[in-house]
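Quick one: this structure, given as structure tokens, is what I'll be asking you about.
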Amino acid sequence: MSISSEQFREAMRHFPAGVTIVTIKLGEQIHGLTVSAFVSVSPDPPLIAVFIDQRHGAHQMLEQEGAVFAVNILRHDQAHLSNRFAWVQEDRFAEGDWGTAVTGAPILRDALVWVDCTIYGRHDAGTHTIYVGEIQASHVPVPDDKPLVYWNRDYQVLGA
């Protein structure tokens, strides 16, 4: 017998996670959302994975042929962008220094790190879909800065 959704959330809030903004491009349409379910998968080929709720509009875009995405790993001082992409409905891209790389998906030029991806695979996983991305370009604009971390239902900054 499995645990309830509430028990699951209570347990998982104790696992720290980095905070990212996943941006998607499909034709001329762009979208972005805050995602903490992100993981590196393979160095050869270079693969990462993000986990997107199937009820989210981003899921519908990522299911379409030709969709590409970028993962922007946020710095410790970028919580305002995380909140913007989690809660604001109007133009989320109105704040931040946005550009594009190889695929055309938006990249945050001053993120801690960004990776620009094509879709390598899609896998259903309960309420979410796992999107495996093959990295086409990456950059580490601020290599010695600290990441934004989410733990125990709040943002945290790593210690010294």
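The values are calculated or read from the model by the stated rules, or taken from the named source; none is laboratory data. Owing to the predicted nature of the structure, the values given are computational and were not obtained by experimental measurement. Positions of Cβ are backbone-derived with ideal geometry, glycine not excepted, and every protein chain shown enters the neighbour counts.
For segment 19-128, list the strands (runs of 3 or more DSSP E) that sit wholly inside it and hold at least 3 residues that are at pLDDT below 95; which are they?
none
Still on this model: When the residues of segment 143-160 are filtered to those that are hydrophobic (A, V, I, L, M, F, W, C) and exposed (fewer than 13 other Cβ atoms within 10 Å of the Cβ), which remaining residue is farthest from the chain's Cα centre (by Cα)?
Ala160
Select from segment 134-160 the residues that are assigned to a strand (DSSP E or B) and among the β-branched types (Val, Ile, Thr) and write down the one among them that is nearest to Tyr120 (Cα to Cα).
Selected residue: Ile135.
Could you tell me how many of the residues in segment 5-32 are within 20 Å of Ala79 (Cβ to Cβ) and either touching a strand residue (DSSP E or B) at 6+ places or on another chain (Cβ under 6 Å) or of a type in the set (Lys, Arg) (or both)?
10
Tell me which of these Leu47 doesn't satisfy, since it passes every other one: (1) surrounded by fewer than 22 Cβ atoms within 10 Å (Cβ to Cβ); (2) within 27 Å of Arg153 (Cβ to Cβ).
Of everything listed in (1) surrounded by fewer than 22 Cβ atoms within 10 Å (Cβ to Cβ); (2) within 27 Å of Arg153 (Cβ to Cβ), Leu47 misses just condition (2).
If you don't mind, there's one more thing I want to ask. Select, from Val19, Val39, Val71, the only residue that is among the β-branched types (Val, Ile, Thr), within 15 Å of the chain's Cα centre (by Cα), surrounded by fewer than 17 Cβ atoms within 10 Å (Cβ to Cβ) and under 19 Å from Pro143 (Cα atoms).
Among Val19, Val39, Val71, only Val39 is among the β-branched types (Val, Ile, Thr), within 15 Å of the chain's Cα centre (by Cα), surrounded by fewer than 17 Cβ atoms within 10 Å (Cβ to Cβ) and under 19 Å from Pro143 (Cα atoms).
Of all residues in segment 112-122, which are without any contact (Cβ under 8 Å) to a residue 60 or more places away in the chain and not acidic (Asp, Glu)?
Leu112, Val113, Trp114, Thr118, Ile119, Gly121
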